[in-house]
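Inspection log for the structure reproduced underneath, given as structure tokens.
The values are calculated or read from the model by the stated rules, or taken from the named source; none is laboratory data. Keep in mind it's a predicted model, so treat the numbers as computed, not measured. FYI the Cβ positions are ideal-geometry reconstructions off the backbone, even for glycines, and counts take in every protein chain you see.
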Amino acid sequence: MKLKGSNVLMFFSISLFLILTACSQEDKSAKSMEEIYHEEGIPVKVKTVEMSRMSKKYLYNAVLEGIEETSKCSMIGDRVEKIYAEVGDFVKKDQPIIKFPNGNPSIKYNQAKVAFENAQSTYKRYEELYKEGGVSKQELDNIKTQYEIAKADLEAVEQVIEVRAPIDGYITNIAVKETQNVDKDQLLFTISNTNILKAKIKISEQEIEYIKTGQKAYAKWKEYIIGGKVKRISMLMNPITKSFDATVEFNNALHKLKAGVTANIYVEEEIGDGIFVHRENILREGNDYYVYLTNNGKAQKRKNC
């Protein structure tokens, strides 16, 4: 293949241009990072800092309890006939939870029921007689008193065989099963008001001066967090644990956390307002500390900022 003179010249020029370009790129890539930074500047990340409030956190571990918690025990020894609720159920005060048979001879339920029905019938009859003038007010009052006594006796017996919730709350424990024979004074169930949870923490002698009543706190269990405050702090150090007992209460209206779990309790001490820089952004030279600040697009080294 033959090339004319003009074509040869053009081919030579293009080849020379490509060679020179490649050499230029090789020279640029051959520069050290220090030379590139000197010519073009060092790339940095800039973060804006603003006035903020700084606080210090103190960590404790404690079991969470309902703000109000009560248990009921059996008043008789007998067989559990019926359980009306389960653990986790919300119950109202006086709602039946556990039922024992009516026929226990020690409580004489049938006798109390008959006595009440007779007293109730007599009282109604005397009310009608009093309206017609057949009996005096004193006679009616005496019959009314007998009726009220019989009613109270029956209610007392019913509370023994039908154990009811003493407060509004969630059932956190049922200690018996249906058909189980239980003894007198044996634990039956526990109810907790968990709208507010509390935790008892122990504050060391070194930390007590920084923890005050009313300080913000929060409880964390797994991924769940609820806020609260320090409610009470003992004025006297416990001689056994060498610590100060304190109670922290938390708002648990959404029932994120359960009573009985062990949670991390954080108490916050507010240090004050200021401009705070992360430790990783602070440089140390000898005994001095520095940060870099931007000024018209350039980084300037500042001491004790």
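From the list Lys222, Lys242, Lys202, the lone residue that is charged (D, E, K, R), surrounded by 13 or more Cβ atoms within 10 Å (Cβ to Cβ) and outside the structural domain of Ile98 (by TED's automatic domain parsing) is Lys202. Restricting region 263-287 to residues that are free of Cβ contacts under 8 Å to residues at least 40 places away in the same chain and assigned to a loop (DSSP other than H, G, I, E, B) leaves a set whose member that is surrounded by the most Cβ atoms within 10 Å (Cβ to Cβ) is Ile282.
Is at least one residue of region 108-120 within 30 Å of Ser71 (Cα to Cα), more than 45 Å from the chain's Cα centre (by Cα) and part of a loop (DSSP other than H, G, I, E, B)? Looking through region 108-120, at least one residue is within 30 Å of Ser71 (Cα to Cα), more than 45 Å from the chain's Cα centre (by Cα) and part of a loop (DSSP other than H, G, I, E, B). Being free of Cβ contacts under 8 Å to residues at least 60 places away in the same chain and on the phi < 0 side of the Ramachandran plot is a property that holds for Tyr290.
Pairs only if they're at least six apart or on different chains, beta carbon under 6 angstrom, first in region 142-164 and assigned by TED's automatic domain parsing to the domain that holds Ile174, second surrounded by fewer than 16 Cβ atoms within 10 Å (Cβ to Cβ) and acidic (Asp, Glu); list them, first residue then second. Every condition considered, the pairs that remain are Arg164/Asp94.
Report whether or not Val176 is touching a residue at least 40 places away in the same chain (Cβ under 8 Å), touching a helix residue (DSSP H, G or I) at 6+ places or on another chain (Cβ under 7 Å) and surrounded by 15 or more Cβ atoms within 10 Å (Cβ to Cβ). Here the answer is no, as Val176 does not meet what is asked. Scan region 43-75 for residues that are surrounded by 10 or more Cβ atoms within 10 Å (Cβ to Cβ) and not in a strand (DSSP E or B) and the total you get is 4. Failed condition for Val91, given (1) touching a Gly at 6+ places or on another chain (Cβ under 8 Å); (2) in the same structural domain as Arg279 (by TED's automatic domain parsing); (3) at pLDDT 90 or above, with all others met? Here Val91 clears every test but (2).
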